[in-house]
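The values are calculated or read from the model by the stated rules, or taken from the named source; none is laboratory data. All values reported here derive from a predicted model rather than from experimental measurement. FYI the Cβ positions are ideal-geometry reconstructions off the backbone, even for glycines, and counts take in every protein chain you see. Quick note on the areas: whole protein, heavy atoms, side chains included, nothing else; ligands and nucleic acids left out. Shrake-Rupley method; radii C 1.70, N 1.55, O 1.52, S 1.80 Å.
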Amino acid sequence: MTTYESPQLTFNDGRTIPQLGYGVWKVKDDVAEKVVSLAFDAGYRHVDTARIYGNEAGVGRAVAASGLERSDLFVTTKVWNADQGYQQTLDAFDASMERMGMEFIDLFLIHWLQPKQGKHVETWKALIELQKSGRVGSIGVCNFTAEALAELEEATGIVPAIHQVETHPFFPQTALREYEASRGILHQSWSPLGQGSELLGNQVLTDIAAKHGATPAQVVIAWHLALGLVVIPKSETPARIVENWESLGVTLDDEDIAAINGLDRGEEGRIGPDPAVSDFE
């Protein structure tokens with residue numbers, strides 16, 4: 001098996017993040033330790049969890065048992081919607097660190113904008129404080145709008161290092177990515193393979209996969225990588241964990257990328273909630 005190493009992308013704060021990571025959304029805590037360990041064995045060094053996923057403890061156990069230097073790993077978690085607000089966020093961070101058995105996290109994110117709740121600026125100020133304390137390496141957000149990203153910068157002078165949001169060929173977030181690039185914000189894709197079967201069965205993708213001797217999933221992950229996006233595919237299947245990692249060996253040409261870009265369905269391609277109007281606890 002060929003050994004791959006993820007490219008590193010640089011944040012606007014000077015730190016770096018492995019471009020290809022492993023996501024654990026919907027992974028049960030007692031399974032998380034096993035699958036994250038498998039991901040580490042495959043070569044991943046970046047794992048993305050969240051309080052609401054209910055598996056921070058399992059991720060922490062996998063990190064502790066890995067035998068890898070902590071400095072060689074990149075771990076992300078997030079503050080959940082019900083925990084937003086300045087002091088509530090500081091308390092939620094402490095609780096996450098206790099569950100994970102860690103004193104430091106590489107990346108801490110606000111999980112959703114929650115526009116009606118209106119606590120995102122105060123929550124962002126808490127993240128800034130945590131970064132200043134040295135307990136958090138970098139700070140960012142998930143599921144924001146361009147307008148809300150600008151609001152954080154205007155209120156605090158601190159630009160998020162990264163924005164994690166639904167992104168896949170049916171919903172590539174082109175305008176949002178252009179705004180982020182203008183502010184030096186990295187773009188991170190969740191649900192990078194869409195809902196799976198419909199996207200991965202698309203003729204454009206199956207043809208490109210055949211051309212490269214790859215799978216459609218590998219082609220989609222390679223597309224994210226080629227666009228300079230951070231991508232965190234999730235799977236609990238050992239062979240699929242390895243398959244996704246080996247997307248690093250797939251190099252798309254300009255024609256391939258243009259064809260995949262042509263799958264854009266605009267708002268009709270969205271499968272998750274719209275951050276501009278979604279509030280939930």
(request) Restrict the check to the stretch 172-183 and report whether at least one residue is touching a Ser or Thr at 6+ places or on another chain (Cβ under 9 Å), open to solvent by 20 Å² or more (accessible area, probe 1.4 Å) and over 20 Å from LEU9 (Cβ atoms). (result) no
(message) Quick check on the stretch 204-213. Is at least one of its residues of a type in the set (A, V, I, L, M) and part of a loop (DSSP other than H, G, I, E, B)?
(response) no
(message) Of everything in the stretch 81-96, what is open to solvent by less than 10 Å² (accessible area, probe 1.4 Å) and either basic (Lys, Arg) or under 22 Å from the mean Cα position of the chain (by Cα) (or both)? Give them in sequence order.
(response) ASN81, GLN84, THR89, PHE93, SER96
(request) Could you list, in sequence order, all residues of the stretch 193-223 that are within 15 Å of LEU248 (Cα to Cα) and touching a residue at least 12 places away in the same chain (Cβ under 8 Å)? (result) HIS212, ALA214, THR215, PRO216, ALA217, GLN218, VAL219, VAL220, ILE221, ALA222, TRP223
(request) Given the conditions (1) open to solvent by 10 Å² or more (accessible area, probe 1.4 Å); (2) assigned to a strand (DSSP E or B), report the number of the one that LYS78 does not fulfil. (result) (1)
(request) Within the stretch 40-85, track down each residue that is in contact with a helix residue (DSSP H, G or I) (Cβ under 9 Å, 6 or more places away or on another chain), farther than 21 Å from ILE241 by Cα and among the charged types (D, E, K, R). (result) ARG51, ARG70, LYS78, ASP83
(request) Residues being among the small types (Gly, Ala, Ser), outside any helix (DSSP H, G or I) and open to solvent by less than 10 Å² (accessible area, probe 1.4 Å): count how many of those fall in the stretch 45-75. (result) 1
(request) Residues being open to solvent by 40 Å² or more (accessible area, probe 1.4 Å), assigned to a loop (DSSP other than H, G, I, E, B) and touching a residue at least 40 places away in the same chain (Cβ under 8 Å): count how many of those fall in the stretch 22-41. (result) 2
